[in-house]
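Engineer: Below you will find the structure I want to go over with you.
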Amino acid sequence: MDPFVYDALPNRVVFGAGTRTQLAAELERLGCRRALVLATPQQEAQARDIAALAPDRIAGIHTGARMHTPVDVTEAALSVVRELNADATVAIGGGSTTGLGKAIALRTDLPQICLPTTYAGSEMTPILGETAGGVKTTQRTLKVLPEVVIYDVDLTLTLPASLSATSGLNAIAHAVEALYAKDRNPIISLMAEEGIRALSGALPRIMDDPADGEARAAALYGAWLCGLCLGSVGMALHHKLCHTLGGTFDLPHAETHAVVLPHAAAYTAPAAPEAMGRIARALGAQDAAQGLFDLSGRLGVKQALRDLGMPQDGIERAADLAVRNPYWNPRPIERGAVRDLIARAWAGDRPLAS
Ligand code: NAD
């Protein structure tokens, strides 16, 4: 066995159906009496329900969370934190709401409790991406890692089937890249394989019946493991490419991940045979890239970047940007092959066979 380093992330997880009822006890454990509940405007009703579970320990609700954590949104939330003299945040929602809680924690050190309602996985990472003046910067610091995550399967029942599919594929992408990460280790690889297995099995069942509680539980469990992968080891070509494409062409986050993943896996496959074997095994497929493409087809998500709004003349520009700042990938980044990868993803073709 090769030598490795494993850094455990210090947070507490409460998992199950109905676990949101433990919010008051978790706030008490942290010694917090004036928590601020955070949400997006769309999830205000859920935020009110959560606040009602711990009336003695909640000081207020702020529903200003937005995608990509804009700094002005954080400033507005910070003034509410000061006004209410809040001593914790409770983020109910997806990655956008979790991001706001993290941005507040970065500036105030307030403890965070997260109640995730998507499969994005941000609650398990010490990573914060923020936007200012249209530019996104990402940092990694334990200051932003949430102290407590309450996974309540019931809260995911309202996540529409199409969002469940793209959010779930976004989570699978974290685990796929963890299996061939430069700093991979056997513990995280176990979680990655199990995360892919749980999510890829559950998502088709959720498409058939979004209220299937067992499938929802398996998907949320898988999303937890995949989020832990993202928080623990470095990502590679797939995540860099999605970051570039999303930022340059203003493409939707999870949908872009869903389209690019099979192609990024096909590109990397020749240089990471062991990882690909584990991904294929977790998917119950013969081949990792083809299995990922078949899964996204089965889930009915868009499979072409052109259908997400990327212009055809963006292919060359994206290829230039992808090779501009070289970064590590098991298979080195070669412009011609990356251009072909982007072109296939743009058109919605099957990934290249390895
Ligand atoms: P999101 O949080 O933006 O949610 C998408 C929409 O779905 C929102 O309108 C939200 O209110 C709604 N929604 C969420 N859960 C719902 C539910 N159960 N029922 C009904 N509606 C619901 O989307 P996301 O994909 O979870 O997060 C994306 C953001 O998270 C991006 O900004 C991404 O960069 C960030 N992210 C960060 C990390 C990290 O580690 N820092 C990891 C993953 C994602």
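Engineer: Taking the Cβ of A52 as the centre, find all other residues whose Cβ is under 14 Å away and add up their charges (Lys, Arg: +1; Asp, Glu: -1). Intermediate results must be reported in sequence, preceding the final value.
Structural biologist: Values: positive: R20, R48, R57; negative: E44, D49, D56.
Residues close to A52 contribute a combined charge of 0.
Engineer: Using a 1.4 Å probe and counting only protein heavy atoms, arrange V323, V176 so the residue with the most accessible area comes first. Intermediate results must be reported in sequence, preceding the final value.
Structural biologist: Values: V323 45, V176 0 Å².
Ranked from most to least accessible, the order is V323, V176.
Engineer: Of all DSSP beta bridges in the chain, what percent run antiparallel (nearest 5)? It would help to have the intermediate numbers written out before the result.
Structural biologist: Values: 6 of 27 bridges.
Around 20 percent antiparallel, to the nearest 5.
Engineer: Taking N as the number of residues in region 64-107, what value does Rg over Cα atoms divided by 2.2 N^0.38 Å take? All intermediate terms of the calculation are to be shown ahead of the outcome.
Structural biologist: Numbers: Rg = 9.5 Å, N = 44, 2.2 N^0.38 = 9.3 Å.
The value comes to 1.02.
Engineer: For the chain, report the translational diffusion coefficient in µm²/s to the nearest whole number, using Stokes-Einstein at 20 °C, 1.002 mPa s, and a Kirkwood Rh over Cα pairs.
Structural biologist: Values: Rh = 20.4 Å.
Value of D from the Cα-based Kirkwood radius: 105 µm²/s.
Engineer: Hey, can you grab everything whose amide H is under 5 Å from the amide H of C114? Only 5+ residues off in sequence or another chain; H modelled, so Pro and N-termini drop out.
Structural biologist: A91, V148, V149, I150
Engineer: Further, regarding this structure: At R0 = 30 Å, how high is the FRET efficiency between E75 and D154 if r is their beta carbon distance? Nearest 0.05 is fine. Walk me through the numbers on the way to the answer.
Structural biologist: Numbers: r = 33 Å, r/R0 = 1.10.
With R0 = 30 Å, the Cβ-Cβ based efficiency is 0.35.
Engineer: Over its Cα atoms, what ratio of radius of gyration to 2.2 N^0.38 Å does region 12-156 give?
Structural biologist: Region 12-156 yields a ratio of 0.93.
Engineer: Same structure, new question: Quick one: net charge around V323, please, counting Lys, Arg +1 and Asp, Glu -1 for every other residue with C-beta under 11 Å from its C-beta. All intermediate terms of the calculation are to be shown ahead of the outcome.
Structural biologist: Working: positive: K240, R324, R335, R339; negative: D320, E334.
Result for the neighbourhood of V323: +2.
Engineer: Hey, what angle do you get for helix 95-108 against the long axis of the chain, alpha-carbon based, 0 to 90 degrees rounded to 10?
Structural biologist: 60
Engineer: For n ≥ 4 DSSP H runs only, could you compute -39500 (n - 2.57) per run for the chain, divide by its residues and tell me the 222 nm figure to the nearest 500?
Structural biologist: Numbers: 13 runs with 183 residues, N = 354.
For the chain, the value works out to -16500 deg cm²/dmol.
Engineer: While we're looking at this one, here's another question. Counting only protein heavy atoms, what percent of the accessible surface of region 167-347 is carbon or sulfur at a 1.4 Å probe?
Structural biologist: Within region 167-347, the accessible surface is 50 percent carbon and sulfur.
Engineer: Between A353 and R12, 0.36 nm times their residue separation minus their Cα-Cα distance comes to what? Mind dumping the intermediate values first?
Structural biologist: Values: separation 341, 0.36 × 341 = 122.76 nm, distance 4.15 nm.
Length gained, A353 through R12: 118.6 nm.
Engineer: Please give every one of the aspartates and glutamates within straight-line cross-link reach of K143, meaning a C-alpha to C-alpha distance under 14 Å, and leave out same-chain neighbours fewer than 8 residues apart.
Structural biologist: List returned: D109, E123.
Engineer: Taking the 0 to 90 degree range and rounding to the nearest ten, how far is the long axis of helix 161-179 tilted relative to the main principal axis of the chain, both from C-alpha atoms?
Structural biologist: The two axes meet at around 70 degrees.
Engineer: With every protein chain left in place, what is the accessible area per residue of the chain in square angstrom, probe 1.4 Å? Don't skip to the answer; put the middle values down first.
Structural biologist: Details: 14520 Å² over 354 residues.
Each residue of the chain exposes 41 Å² on average to a 1.4 Å probe.
Engineer: How much net charge surrounds A161 when only other residues with a Cβ under 10 Å from its Cβ are counted (Lys, Arg +1; Asp, Glu -1)?
Structural biologist: Working: positive: none; negative: D208, D209.
Result for the local shell: -2.
Engineer: Roughly how many debye, to the nearest 20, is the charge dipole of the chain about its Cα centre, given +1 on each Lys and Arg Cβ, -1 on each Asp and Glu Cβ, and no other charges?
Structural biologist: 440
Engineer: Which of the lysines could a cross-linker span from K302 if the Cα-Cα distance has to be under 22 Å and same-chain partners fewer than 8 positions apart are dropped?
Structural biologist: K240
Engineer: What nm value, rounded to one decimal, do you get for the distance between E44 and V5 when each label is placed 7 Å out toward the C-beta?
Structural biologist: It is 4.7 nm.
Engineer: Quick one: Cα centre-to-centre distance for region 219-289 and region 1-61, in angstrom?
Structural biologist: 28
Engineer: Another question about this same structure. In region 12-156, what percentage of the DSSP-assigned beta bridges are antiparallel, given to the nearest 5?
Structural biologist: Details: 6 of 27 bridges.
Antiparallel: roughly 20 percent of the beta bridges in region 12-156.
Engineer: Follow-up question, since we're still on this one. Measure off, as a whole percent, the carbon and sulfur share of the 1.4 Å-probe accessible area of region 12-156, all protein chains present. Mind dumping the intermediate values first?
Structural biologist: Working: 2800 of 5700 Å².
Answer for region 12-156 is 49 percent, counting heavy atoms of protein chains only.
Engineer: Oh, and also: Connecting C-alpha atoms closer than 10 Å in a GNM of the chain, tell me which of R339, R57, R324 has the biggest fluctuation.
Structural biologist: The residue that fluctuates most here is R324.
Engineer: Separate question: What nm value, rounded to one decimal, do you get for the distance between R82 and R205 when each label is placed 7 Å out toward the C-beta?
Structural biologist: Those two pseudo-labels are separated by 4.9 nm.
Engineer: Using a 7 Å offset from the Cα along the Cα-to-Cβ direction at both R33 and T21, what is the distance between the two label points in nm, to one decimal?
Structural biologist: 2.7
The values are calculated or read from the model by the stated rules, or taken from the named source; none is laboratory data. As the structure is a computational prediction, the values presented were derived from the model and not from experiment. Heads up, the Cβs are rebuilt from the backbone with ideal geometry, glycines too, and the neighbour counts pull from every protein chain shown. Only protein heavy atoms, including side chains, enter the accessible area calculation; ligands, DNA and RNA are left aside. Shrake-Rupley method; radii C 1.70, N 1.55, O 1.52, S 1.80 Å.
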